[in-house]
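Worksheet for the structure shown next.
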Amino acid sequence: METLPVQKRQGLSGTTLKLIACITMLIDHIGASCLEAGLLVPLIASGMFSTDPAAASLLQMDRVLRYIGRLAFPIFCFLLVEGFLHTHDFKKYALRMLGFALISEWPFDWAFFSGVYWGHQNVYFTLLLGLLAMKALDTYQTPEGMPALKGILGAAACFLAAALLHCDYDVLGLALILALYMTRKDKRAQCI
């Protein structure tokens, strides 16, 4: 009896995407917390920034690190949508996101603001609000599968919360999450 060869799926696994996102986020945070907050701000404050050629090199290095880091958020948004679509227990998933948001806030504040700062929240709050907005749209649908008014109002409340809490990526972060969620069945729309 002849066995058929098993076809391998092509593409990146969720684990590989998480690894890429974590590495690019680390690179971004090195630029933001070490270079910007640790080295560049004191140089600018001392007035040496305009006269020191090393400061210009640091600024260029910081920009490169931050541009590399910009890859992390869209990947995390994609993984969030996939997690929402495949989770068996939304409540546990949302509580884990809330837990990580709360645990991460203190180190985030110290790394970027040199102390506790309530004027800006870490990216986990953005991801949590995106998760809640997807749940609102998914829970309240018309018979045709379109979001009903309650779902739209629920998502709008998440947008308002993101703006009021000053979450990372603000309302644009939520817009990206919902764009990925709403276009999940249409590859062409996802590319646009």
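Computed about its Cα centre, the charge dipole of the range 50-173 is approximately 200 debye, with only Lys, Arg, Asp and Glu carrying charge at their Cβ. Which of VAL123, PHE90, MET25 sits farthest toward the positive end of the charge dipole of the chain, with +1 on the Cβ of Lys and Arg and -1 on the Cβ of Asp and Glu? Toward the positive end, the furthest listed residue is PHE90. With respect to the chain, whose longest principal axis is taken over its alpha-carbon atoms, helix 149-165 is tilted by about 10°.
Helix 170-182 versus the longest principal axis of the chain: what angle, 0 to 90°, nearest 10, using Cα atoms? With both axes taken from Cα atoms, the answer is about 30 degrees.
Straight-line cross-link partners of LYS91 among the lysines, defined as a Cα under 21 Å from its Cα and at least 8 positions apart when in the same chain: LYS135, LYS150. Length available on full extension from LEU153 to LEU79: 0.36 nm per residue minus the Cα-Cα distance, which gives 24.2 nm. Heavy-atom accessible area for CYS34, with the other protein chains in place and a 1.4 Å probe, reaches approximately 70 Å².
Against the chain, whose longest principal axis comes from its Cα atoms, helix 14-29 is set at around 20 degrees.
Heavy-atom accessible area for LEU132, with the other protein chains in place and a 1.4 Å probe, reaches approximately 70 Å². Excluding the site residues themselves, the longest part of the chain lacking any GluC sites (Glu not before Pro) in a DSSP loop with at most 11 other Cβ atoms within 10 Å is 3-143.
Between PHE113 and LYS185, the C-beta separation translates, for a Förster distance of 45 Å, into a calculated FRET efficiency of about 0.65.
The values are calculated or read from the model by the stated rules, or taken from the named source; none is laboratory data. If you're wondering where the values come from, they're calculated on a predicted model, not measured in any experiment. Every residue, glycine among them, receives a Cβ derived from its backbone with ideal geometry; neighbour counts consider all protein chains shown. When the accessible area is computed, the model is the full protein with side chains, heavy atoms only, and any ligands, DNA or RNA have been set aside. Shrake-Rupley method; radii C 1.70, N 1.55, O 1.52, S 1.80 Å.
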